[in-house]
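Trainee: What follows is a structure written as structure tokens; I'll ask about it next.
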Amino acid sequence: MLMNKSTSSKLSPITLALIISVLITLTTYILRGLGILGFIPGSVILLLMTISIFLGIFYGISVTRRF
């Protein structure tokens, strides 16, 4: 099954924001766990996780729209 190039490679802004948010959150969490970013407080990690969760919920709502 062939897909058009414009259909397969185009990401919506909310999808791109979700991907970037999750990548930043995971990278920060892993580097803090390794001690490289140990100076970052836990509240920053919680804020990043909260942003990722809200973007995920918003993405789920926007994908399931019927119009």
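Values in this text are rule-based calculations from the coordinates and carry no lab data. On a predicted model such as this, the values are computed, not experimentally measured, just so you know. Cβ sites come from the backbone with ideal geometry, for glycine too, and all protein chains shown count toward neighbours.
Trainee: At 222 nm, what value in deg cm²/dmol follows for the chain if DSSP H runs of at least 4 each add -39500 (n - 2.57) and the sum is divided by all its residues, to the nearest 500?
Mentor: Dividing the helical sum by the residues of the chain leaves -24000 deg cm²/dmol.
Trainee: To continue, here is another question. Across the Cα atoms of the chain, what radius of gyration and what greatest pairwise Cα-Cα distance (Dmax) are found, in Å?
Mentor: 15.8, 50
Trainee: Which order do the peptides 42-48, 26-32 take when ranked by the mean count of other beta-carbon atoms within 10 Å per residue, highest first?
Mentor: 26-32, 42-48
Trainee: May I ask you to compute the full-extension gain from Y59 to I24, defined as 0.36 nm times their residue separation minus their alpha-carbon distance, rounded to one decimal in nm?
Mentor: Extra length available between Y59 and I24 comes to 10.9 nm.
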